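A quick write-up on the structure given underneath.
The values are calculated or read from the model by the stated rules, or taken from the named source; none is laboratory data. Keep in mind the model is a prediction, meaning the values are calculated, not measured. Cβ atoms come from the backbone with ideal geometry, glycine included; neighbour counts cover every protein chain shown. Areas reflect the complete protein model, heavy atoms only, side chains present, ligands, DNA and RNA absent. Shrake-Rupley method; radii C 1.70, N 1.55, O 1.52, S 1.80 Å.
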Amino acid sequence: MTIDTQTAVTGPHTVAPEGHRLTGRARLVLFVLCAAQFMVALDFSVLNVALPVLGKDLGLSRSALQWAVTAFALPSGGFLLLFGRIADLYGRKRLFLAGLALFGGASLLATLAWDPTSFLTGRALQGLGAAVVVPTGMSLLTTTFPEGPLRDKALGISGTLLSLGFTVGMVLGGVMTDTLGWRSTMGLLAAAALIVLCLAPRLLPESRTPERPWLDVPGAITVTGGLLALIYALSSAAERGFGGTDVLVSLAAGVLLLAAFAVVESKAPAPLVSLPMLKRGTVAWGNIGGLVTFSMMSTVVFVLTLYLQETLGLSSFLTGLVFGVQGVASAVAGSYAPRFIGRFGARRTLVGSLLGQGVFTAALLAVGAESGALLATVAVSVASMCHLGAIISYGIIVTSGVPDAQQGLATGLVTTTQQVGLTIGIPLLGVLATTRTSLFDGVRTVLALDAALVTVVALLVAVGLGRRTR
C-alpha cells in the first residue's frame, strides 16, 4: 500500500530538517510552536492556584469554581476537530495566527472582568482561541518534521514544554496571586500571546493539503454539537448532580449527536474524521490512553489544590511551590522520555507510564487531614513524571504512519483527546470532593477512584496495542 505524504508548503521560509539534526531555522520554528503550546498549558494551570481567591472576589461558590476551568475547556475541546480540518484545507499558518489574536484579546477581557459573566466569557473565548492554536500548531509541527527521530525529538520537546507550562503556571499563579492579585495571571497570558503573534508570521511556513476537498459541514455540526453537549452535561453535573433535567437532556443530546456523527462520517465523500483511521489500533488505543492520563492527572491537581489550601491551610504561594517541584520532575522526565521510547518502544512506554501514574496516585491516599504536604509533593511529582511519559508516547503512537495530508486529522484527534480529557476529569470525579461535607474525605475518594481507573485502562491499552501489533 502506498502512503501519500504530500503536503503543500508555501512561502519563502520552508523548513527542511537535515539528517537527524535540527537546522537553525527548524529550531526557531519549533520554538514558536512550542511557545504557543506552552502558553495554552500556562492558561490551564495559572488560574488553578488562584481559584479560592478568585471565587471570593467574583462570588463563585466552591462547587462553581470548576467553571473557571470548564469555561475554557468546553470550546477548546468541542471545536478542535473542526479547526484542525479547516486548517488542513485552507492554511494552517493563517488560522494559527488568527487563533493567537483571539486568545490574546480574550485574555485581556478576562483580566478586566467585572463579574462572573464577563470573566467566564473571556475564558470561553480563550478556549475558542486555543481550539484554533493547538491543532494548527501540532499539525504545523508534524508536517515540518518528518516521521522518525526528528519528529520524535520535536514531540518530546513539545510534550516537555506542555507539562512544564502547566507547572510553571502553578508556581507563577501562586506568586502572582499573592503579590499582584489573580487578574495578573490573565494579563500575563495576554502579553504572551502578543509576543508569539509578533514572532510567528516571519518564521512559520504556510502549509495545507494539495487539494481542497468538500468541507464536511454535517460532520462538523454533529461532532462539535455532540462534544459541547456532552462536556456541558458533565460540567453541570459537578455543580448540581446528574438528576437535573438540563443535565439529562444535554447528556442524551451529546450521545445522539455523536452517534449521528459516526453515521455521517461513514457516508461523507470527504469526512471530517476518517473512520478507517479510527479503526487503526494505534489511533484508537493511543487516544484512550491519552484521554485517561490527561483527565485523571488534571483531577489530581484540582483536588490537591483544594486539599493543600483548604485542608492544610497552605497559602497560594506555598501551593505553587509544591507544584513547582512537580514541574522540575516533569522536566527531567521529558528529557529522558525519548530515550525510553527509543529503547523500549512507544507502546511499552505508554503502558508503563500509565501504570506508574496509577500507583503514585494511589500513594496520595496516605496524606492526612493535618499533615501530608511532603508526601503529596513527592507522590504527585513522580506521578507527573509518568504522566509526561504517557503524553509523549501516546502522541507518537497516534501520529505514526499517518500521511502528511491527514496530519491535521490525526493531531486534531490527539489534541481533542487532550482537551476533552482536561475537561471531563474534574466534573466526573472532582464533584465527589467539592460536594462532600468533608472535603478531606471527598479528596481521598477521588484519589482512590482515579488510581483504580488509570491502572485498569493501562492494562486494557497493553492488551489492545499488543493484539494490534501482533
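The listed residues 184, 315, once ranked by accessible area (1.4 Å probe) with the largest placed first, stand as 315, 184.
Kindly report the accessible area of region 299-353 per residue (heavy atoms of protein chains, probe 1.4 Å, no ligands, DNA or RNA), in Å².
40 Å²
Selection among 351, 331, 260 by position relative to the dipole of region 252-369 gives 351 as farthest towards the positive end (Cβ unit charges, Cα centre). Accessible surface of region 305-364, 1.4 Å probe: 66 percent of it comes from carbon and sulfur atoms. Ordered from highest to lowest accessible area with the whole protein assembly present and a 1.4 Å probe, 310, 265, 370 read as 370, 310, 265.
Given the protein chains as shown and a 1.4 Å probe, how many square angstrom of residue 177 are accessible, to the nearest 10? Using a 1.4 Å probe on the heavy atoms, I get roughly 10 Å².
Surface calculation, 1.4 Å probe, protein heavy atoms: residue 296 sits at approximately 10 Å² accessible.
Length gained on full extension, residue 318 to residue 108: 72.9 nm, using 0.36 nm per residue less the C-alpha separation. Charges were assigned to the Cβ only: +1 to each Lys and Arg, -1 to each Asp and Glu. The resulting dipole of region 274-371 about its Cα centre is roughly 740 debye. The 1.4 Å probe gives accessible areas that order 142, 311, largest first, as 311, 142. The modelled label-to-label distance for the pair residue 90/residue 279, using points 7 Å beyond Cα in the direction of Cβ, is 3.2 nm.
With a Förster radius of 41 Å, plug the Cβ-Cβ distance of residue 336 and residue 456 into 1/(1 + (r/R0)^6) and report the FRET value to the nearest 0.05.
0.95
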